[in-house]
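Novice: A single structure is presented below for examination.
The values are calculated or read from the model by the stated rules, or taken from the named source; none is laboratory data. Since the model is a prediction, treat every value here as computed from it, not as a measurement. Methodologically, a virtual Cβ is constructed for each residue, glycine included, from the backbone with ideal geometry; neighbour enumeration extends over all protein chains shown.
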Amino acid sequence: MEDKIFMKIYTAVVEKCHDTNLYVGYVPGFPGAHSQGNTLDELHNNLIEVIRMLEEIF
């Protein structure tokens, strides 16, 4: 039997905070899936890490 890899796709809402100059983002409908970063790449990596941690819990 073949091993199959499934990829989940999430949509994140991203904004730039003009007070802190940070990018902030969250995944709608996924409680606790939010983060921030100095760059879009950093925010992306942070959101992936948060989602992986939350998937282990649920």
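Novice: Evaluate segment 10-28: report whether one residue or more is touching a Lys or Arg at 6+ places or on another chain (Cβ under 9 Å) and either among the polar types (S, T, N, Q) or assigned to a strand (DSSP E or B) (or both). Even if it seems obvious, please write down each step before you answer.
Specialist: Filtering segment 10-28 down to residues touching a Lys or Arg at 6+ places or on another chain (Cβ under 9 Å) leaves 22-24.
Applying the additional criterion that residues be either among the polar types (S, T, N, Q) or assigned to a strand (DSSP E or B) (or both) yields 23-24.
There is at least one residue in segment 10-28 that is touching a Lys or Arg at 6+ places or on another chain (Cβ under 9 Å) and either among the polar types (S, T, N, Q) or assigned to a strand (DSSP E or B) (or both).
Novice: I'd like to verify a number: residues in segment 1-14 that are surrounded by fewer than 10 Cβ atoms within 10 Å (Cβ to Cβ) and hydroxyl-bearing (S, T, Y), how many?
Specialist: The number of residues fulfilling the criteria is 1.
Novice: Shifting gears a bit: Considering each residue of segment 15-30, count those that are surrounded by fewer than 15 Cβ atoms within 10 Å (Cβ to Cβ) and either among the hydrophobic types (A, V, I, L, M, F, W, C) or at pLDDT below 95 (or both), and give that number. Even if it seems obvious, please write down each step before you answer.
Specialist: If we filter segment 15-30 for residues that are surrounded by fewer than 15 Cβ atoms within 10 Å (Cβ to Cβ), which is where we start, we get 15-21, 28-29.
Subsequent filtering for residues that are either among the hydrophobic types (A, V, I, L, M, F, W, C) or at pLDDT below 95 (or both) retains 17, 29.
Adding up the residues that qualify gives 2.
Novice: Condition first: surrounded by fewer than 10 Cβ atoms within 10 Å (Cβ to Cβ) and not in a helix (DSSP H, G or I). Can you find one or more residues in segment 32-55 that meet it? Walk me through it before giving the result.
Specialist: Our first condition is that a residue be surrounded by fewer than 10 Cβ atoms within 10 Å (Cβ to Cβ); within segment 32-55, this holds for 52.
If we keep only those that are not in a helix (DSSP H, G or I) too, we end up with none.
The answer is no; no qualifying residue exists.
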